[in-house]
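Here the structure is laid out as C-alpha cells; the discussion comes afterwards.
The values are calculated or read from the model by the stated rules, or taken from the named source; none is laboratory data. Because the structure is predicted, anything quoted here is derived from the model rather than measured. Here Cβ is always computed from backbone atoms with ideal geometry, including for glycine, and neighbour counts include all displayed protein chains. To get the accessible areas, we keep the full protein, side chains included, count just its heavy atoms, and leave off ligands, DNA and RNA. Shrake-Rupley method; radii C 1.70, N 1.55, O 1.52, S 1.80 Å.
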Amino acid sequence: MAIRVNGTEVDPPEDARVSLLDLLRERLQLTGTKVGCNQGACGACTVLLDGNRVLSCLTLAVQADGREVTTIEGLADGDGLHPLQAAFIEHDGFQCGYCTPGQICAASAMLREVTEGVPSYVTADLAEEHITLSREEIRERMSGNLCRCGAHNGIIDAILQVATEKAA
Amino acid sequence: MNPVTYQRASSLAEAVRLAESSQLLGGGTNLVDLMRKGVERPSQLTDVTALSAAIAATDDGRLVIGAAARNSAVAAHPLVRSRHPMLSRAILAGASAQVRNMATVGGNLMQRTRCLYFADVAGSRCNKRQPGSGCDAAGGFERYHAIIGASPACSATHPSDMCVALAALDADVRIVGPAGKRTVALVDFHRLPEDRPDQETALKQGEVIEAIEIPDAPFAARSDYRKVRDRASYAFALVSVASGLTLREGRIDEIRIAFGGIAPKPWRAYRAEAALRGVVPTAEAFKAAADLELAEATPLAGNAFKIALAKRTLAAVLTDLSGDDR
Ligand SMILES: Cc1cc2nc3c(=O)[nH]c(=O)nc-3n(C[C@H](O)[C@H](O)[C@H](O)COP(=O)(O)OP(=O)(O)OC[C@H]3O[C@@H](n4cnc5c(N)ncnc54)[C@H](O)[C@@H]3O)c2cc1C
Ligand code: FES
Ligand code: FES
C-alpha cells in the first residue's frame, strides 16, 4: 500500500513512531504544514485526510496508509491562489503566517462541513439541516486553530467572504 | 517514544486475538500523545479503526454505534441529533473539529485523565501512573480536579464530554474478549479510584469494545448538554451537565441527569433525579435537588467553587429543558 500525498504515492515509513507531520516535513520536504505544540492543542499541523481535517502531529504516518493526504501545497490549483488564500490576504487574516496553512486547510474542510449541514456546539437547533454561518458559528468551528498573532477577526472575515461567495 | 510495531485488525476476532499482547489504537489522539510523553509505553499497536463504525437503529429502537465510529460522525448523525440531542451537543462541546474527526467512540470511552501531574512523567508523583508513588496534585493546581467520588489516592477527573451524555442516556457498552461477549452499563464501566486509581475501567486485558447501545426514550429527545470552561471553546470542562426530561400534567415525569468535570467518572445524579420525579419544575425544586446531590461533595482548597458552579449549571439546564418553548 501507499500514502497518497497531494496526488503522489509515498511509501509509509518503516518506523511506526513517525508522525504524519514528520513524514510531510522531514522526509517529503512539504514544510507548508507547521509544527506548533506537537500535542493536539494548536491546529498548526492541520491537513486533510480523505478530505477531512485532522491533526498530523497526532496521526502516525502508518495510520494514513492507503489514504489520501492533502496539505496546503496541494490545496491551491497550480500557481493560482485558493479562494481562501486570496481572502486571507485581502482581510489581513495573518501577521507572521505561522498558523495560516493550518487555518486554511481547516477552513476549507469547515466550509464543506457547513454545506453538508454538520452542526456545531453553538448551533441552536441540532435537528435543523441548514446551517446559517454566523461569526459565532465560524469562531466555534475554527476554535481548533489558534493564532498567536491574534489575527482571528481577519480570519473570520476572510472565511465569511468565501462562504458568502460560495453560496451566491 | 519506545520502538513500536503497528498492525491493523481486519475483524473483531482478529482484534481480540491481538489485544492480549498489544495495545489497541483508535484515532490516536490520546494514545499517541501519551506515548510521546512516556506515560504509555506499548511495544505493539493494533489499529482497530477498520472495525465496525456503523451507526444504526435496531428494530426495538435501540441505537447501536460501532466502537470505530468517529466522534464527528456520531455528533452529525440525523438519528442522534433528533433522538439524543444531548449526545450530539456533548460531543460537539469536546475538543476541536480536527480531534473529533480522528477520535473514535472506543477511544473516547478509554481516554485517560488530563490531570497535569499524571502527564508529567519526569517531574511529578502520580498514583494513577505509578501505583503507590504518591499524588502531587493534592495541594497543587487543583482547579480541574474532582469534588465528589475521589479518594485520598487520586482526585483526577474523567475528561470525556461524550461519556457524560452516555451516562445520562442509560447507554450500554458491548465488550468482546477471549471468553466471549458481555455488556456493561456505561455507569458501571468507569471505576471510582479508591486505593487503585490505576484501575480505571471494567475492561479486562484482552478485551475489545465492540459498540455502544442507547435505548430510545422520550426524555432523550428532550435533552441537552451544557459545558462550563475557562475559555469559550476547545477546553476541558470545569463543570458540565447532561440532562433530559419529560413532563406530565405540569410535573416532571422521567428525568436523567449526569455531571462532567466534577468526578473521577461521569457522575450520574441519581439522588437529584429521585428528588425531581413527580415534582413541579421550579427554581426551588432544582436548587433542592442540586443541594441534595452535592451534599457529600468534599472539595479541595483549589476547587470549592465547583460546588456552586455545578448547582447553577444544573438549574440553568433544567430551567431551559422544562420551559414552554421546548
Ligand atoms: C487537544 C485536545 C483537546 C481535547 N479536548 C477534549 C474535550 O474537551 N472533551 C473531551 O471529551 N475530550 C477531549 N479530548 C480527548 C479526545 O476526546 C480523546 O483523545 C479521544 O476521544 C480518544 O479517542 P481516540 O480514538 O483518538 O483514542 P486513542 O488515543 O486511539 O486511544 C485511547 C485509548 O483507548 C483504547 N481503545 C481505543 N479503541 C478501543 C476499543 N475499541 N476497545 C478498547 N480500547 C480501545 C486505546 O488502547 C487507548 O488506551 C481532547 C483531546 C485533545 C488532543
Ligand atoms: S502541532 Fe499539531 S495541534 Fe499543535
Ligand atoms: S499569523 Fe502569526 S500565529 Fe497566526
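Within region B:65-112, being among the β-branched types (V, I, T) and near ligand 1 (Cβ under 7 Å from one of its atoms) holds for B:V99, B:T104.
Output yes when any residue across region A:80-102 is within 11 Å of another protein chain (Cβ to nearest Cβ) and either hydroxyl-bearing (S, T, Y) or within 21 Å of B:G94 (Cα to Cα) (or both), and no when none is. Yes, that holds for at least one residue. Here is a check on your reading of the model: is A:C45 over 14 Å from the mean Cα position of the chain (by Cα), within 16 Å of ligand 3 (Cβ to nearest atom) and closer than 21 Å to B:R36 by Cβ? So A:C45 does not fit the description; no. Of all residues in region B:38-49, those satisfying the criterion of being at the interface with another protein chain (Cβ under 8 Å from one of its Cβ atoms) and either open to solvent by less than 10 Å² (accessible area, probe 1.4 Å) or within 16 Å of ligand 2 (Cβ to nearest atom) (or both) are B:L45, B:D47.
Counting only strands (runs of 3 or more DSSP E) that sit wholly inside region A:20-75, those with at least 2 residues that are away from chain B (no Cβ under 13 Å) are A:68-70. Regarding region A:104-121, can at least one residue be identified that is open to solvent by 20 Å² or more (accessible area, probe 1.4 Å) and on the phi > 0 side of the Ramachandran plot? No, there is no match, as no residue in region A:104-121 is open to solvent by 20 Å² or more (accessible area, probe 1.4 Å) and on the phi > 0 side of the Ramachandran plot. If you go through region A:92-102 and keep only what is open to solvent by less than 70 Å² (accessible area, probe 1.4 Å) and within 12 Å of ligand 2 (Cβ to nearest atom), you end up with A:C99, A:P101, A:G102.
Select from region B:1-37 the residues that are part of a helix (DSSP H, G or I), without any contact (Cβ under 8 Å) to a residue 40 or more places away in the chain, open to solvent by 30 Å² or more (accessible area, probe 1.4 Å) and more than 8 Å from chain A (Cβ to nearest Cβ) and list them in ascending order. B:A13, B:E14, B:R17, listed by residue number. Within region A:10-35, being near ligand 2 (Cβ under 7 Å from one of its atoms) and surrounded by fewer than 20 Cβ atoms within 10 Å (Cβ to Cβ) holds for one residue alone: A:V35.
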